[in-house]
Each structure stands twice: as C-alpha cells, then as structure tokens.
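A short worksheet on the structure shown next.
The values are calculated or read from the model by the stated rules, or taken from the named source; none is laboratory data. Remember, it's a predicted structure, so these values are computed and weren't measured experimentally. A quick note on method: Cβ atoms are made from the backbone with ideal geometry, for glycine too, and the neighbour counts reach across all protein chains shown. Ligands, DNA and RNA are stripped out before the accessible areas are found, and what is left, the full protein with its side chains, is counted by its heavy atoms. Shrake-Rupley method; radii C 1.70, N 1.55, O 1.52, S 1.80 Å.
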Amino acid sequence: FSLSPEKEQEPTIIIKKSTDAPPKVKENPFYDAEFWGRANSPDDIYLPDSDEAISFAMAAHEIGHLVDEGKRDDARLDNFEATRAEEQRAWNRGWEYLQKYVSEYYQDRPEIAPKIQQAFEHIKDFLMQATDLSKDMYLEQGALDSLSHEEIDVILKEKREKFFSEKGEGFKTIFDEMKKEKIGVKPDWNRFTAIVTKAVENILKDNKKE
C-alpha cells in the first residue's frame, strides 16, 4: 500500500484523417472520407480533412461521444431510440466543447466563425435526418443479447448492405444537401487538430469529475 500512488497517466489523444480509416471501415457502403469520422476513444479519433464547415461539424459530433455525462450505453443495432438519443447528445455536447475554440481558429478571419456555427446547425439537422432514415435497419430490442461480437458484425454488415441498396438514394440526397454547406476552404490540419485536442482535453478533465 502506497500513500503516494503514481500519478494516473493522461490518455493519449490521437487524431487521424478519415482517409486513413481502417480497411474494414472503408468497406461500409456509408463510408465517405469527406464526412466520415469516429471517436471510439481519445486515441482512436478519425476526422475528415474535408471542408472547414464539414470538418468542424463532424469533429464536434465525434468528440461529443467521448463525453461521459448522459452517455447512452444501450445505443446499438437493437435499440434505435437509444442510438438516436446518443447521436443527438453527441452533437449537442461536442459543440459545447469545440465552439469556444472556433473563434481562436478564425482569429485572422473572424467573419467566418458565424458561418461555421450556422453550417454546424444545418449539418447536424441533415445527419439526424439520416439517422431517422436508418430506423428500419434496426432489430427488435434484445435481439442481440445472446450473440457474440463476430455474429453481430456479420448481421450489421448484411443489414447495412441490404439497407443501402434499398434506401441508398435517400441517403445520397441528404448527403448531397449537406455538402452544400461547404465554405470552400480546407482546414489547416495542424491548427484544426490542435484545437480539437484542446476540446478533448477539457472533456477528459470533466469526465474525471463525474
């Protein structure tokens, strides 16, 4: 027993470009490097190096999943309502953390910051529409309870492919509309990831208070 336990090691924050997504991700028919992202953990973050409007919006959404407060642990393929609630929560919570750094990023172009805020709101609405469109892909609640991860992966892959062949046009329409929010400037990747890292650091600090 030690009275001075070693300082808990801070999680490493690693942000990669969506174009560097694992091959398995790229097999997903919904994958599009222009707006795909994920944040499974602080050291497993992928964000699009796309257009600033899209990159900021997707960054806010993905890091929102890292906020512990209110996180839905039952968001999965057999619980649409929980999944939808978690998606909405991630949009709202992630933006709370990222928005304070948007003006810092746009110090030399302050007139762009409000456009990023506006684009975020529109992109959020479009992608929540996409979430609602995916409702039919979900299984009965409890349908996955007795299955292994491998079996769930197989079902998920089959469901996505069938669903994409049936509803692909609907998603394409939503995604095309979303891409109209572009402001025509690619992010400065180093500066962009630096402010996202700051936002994630704040999330991790607040998670410790929980």
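Could you list the residues of segment 41-63 with an amide nitrogen less than 13 Å from a label point located 7 Å from the Cα of residue 12 in the Cα-to-C-beta direction?
42-45
Could you work out which residue, out of 125, 49, 176, moves most in a Gaussian network model of the chain, that is, has the largest mean-square fluctuation with Cα springs under 10 Å?
Of 125, 49, 176, the most mobile in the Gaussian network model is 176.
How large a share of the accessible area of the chain, in percent, is made up of carbon and sulfur atoms when the probe is 1.4 Å and the other protein chains stay in place?
Carbon and sulfur: 49 percent of the exposed surface of the chain.
In the neighborhood of residue 26, defined by Cβ-to-Cβ distances under 12 Å, what is the net charge if each Lys or Arg adds +1 and each Asp or Glu adds -1?
Charge balance near residue 26 sits at -2.
Mind telling me which of 100, 24, 16 comes out most flexible in a GNM of the chain, alpha-carbon contacts under 10 Å?
Comparing 100, 24, 16 in the GNM, the peak value goes to 24.
What pairs in 100/198; 159/179; 124/208 have C-alpha atoms more than 21 Å from each other?
Check vs 21 Å cut-off fails for 159/179; 124/208.
Extending each Cα 7 Å along its Cβ direction at residue 41 and residue 107, get the distance between those two points in nm, one decimal.
Going from the residue 41 label point to the residue 107 one covers 3.4 nm.
Between residue 175 and residue 147, what is 0.36 nm times their sequence separation minus the Cα-Cα distance? Round to one decimal in nm.
6.8 nm
For segment 156-210 and segment 46-122, what is the separation of their C-alpha centers, rounded to whole Å?
Value for the Cα centre distance between the two parts: 8 Å.
Considering the chain as a Gaussian network with a 10 Å cut-off on Cα pairs, which listed residue, 187, 114, 42, attains the greatest mean-square fluctuation?
With Cα springs under 10 Å in the chain, the top fluctuation among 187, 114, 42 is at 114.
Rounded to the nearest 0.05, what FRET efficiency is calculated for residue 31 and residue 139 with R0 set to 25 Å and r the Cβ-Cβ distance?
Efficiency, from the Cβ-Cβ distance: 0.70.
Roughly what would the spin-label model give for residue 206 and residue 129, points 7 Å off Cα along C-beta, in nm?
2.9 nm
Tell me the per residue accessible area of the chain using a 1.4 Å probe; a whole number in Å² is fine.
In whole numbers, the chain has 56 Å² accessible per residue.
Against the globular-protein guess of 2.2 N^0.38 Å, express the Cα radius of gyration of the chain as a ratio, rounded to two decimals. Write out the running numbers ahead of the final one.
Numbers: Rg = 18.1 Å, N = 210, 2.2 N^0.38 = 16.8 Å.
For the chain, the normalised Cα radius of gyration comes out at 1.08.
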